[in-house]
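The values are calculated or read from the model by the stated rules, or taken from the named source; none is laboratory data. Bear in mind that the values here come from a model prediction, so they are computed numbers and not experimental data. Neighbour counts run over all protein chains shown; Cβ positions are idealised from the backbone, glycine included.
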Amino acid sequence: MSRLAGGFNPDFAKPSTKDRRGLAQYVWTLPCLPFGSVADCPMTITLTPEQEKLVMERVSSGQYLNPEHLAAEALRLLTAREEQEQELSSLRRSIDAGWEEAEAGLLMEGPGKMSAMLRRAGERVDRAR
């Protein structure tokens, strides 16, 4: 079986079998990264007819090289979305902590805060000497 860079199979994936419900099953070899190394991870993915149609439309349009390319891009986007959600969650926690400090009266005015920050920075520089 020939492959393109990145481990993508240039052949169009065709249903290798039908499951007991009659849904198409594809066997794709997707690049995986267990413990930081690249290894082939054969897996069977069952698609609904609607999902199969979407995959084949995107591949036929030339938007993706093949179903494997589309799956790899989908997983990349999923990972990026999860990372953004984690970052957003962290930002929300920081905002909540700031509001709690404000409600507790722990905030300083701008000039007072800047003076405290400059003093702490000067102390760090003095300790580093």
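Key figures
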| quantity | calculated |
| --- | --- |
| Counted residues, the range 59-80 - those being without any contact (Cβ under 8 Å) to a residue 24 or more places away in the chain and surrounded by 10 or more Cβ atoms within 10 Å (Cβ to Cβ) | 11 |
| Any hit, the range 101-118, residues being part of a helix (DSSP H, G or I) and acidic (Asp, Glu) | yes |
| Cβ-Cβ under 7 Å pairs, at least 6 apart or on other chains, the range 84-106 side surrounded by 10 or more Cβ atoms within 10 Å (Cβ to Cβ), far side not polar (S, T, N, Q) | Glu101/Leu107 |
| Test for Leu75: is it assigned to a helix (DSSP H, G or I), among the aliphatic types (A, V, I, L, M) and either farther than 30 Å from Glu52 by Cα or in contact with an Asp or Glu (Cβ under 9 Å, 6 or more places away or on another chain) (or both) | no |
| Tally, over the range 116-127, of residues that are modelled with pLDDT of 85 or more and of a type in the set (Gly, Ala, Ser) | 2 |
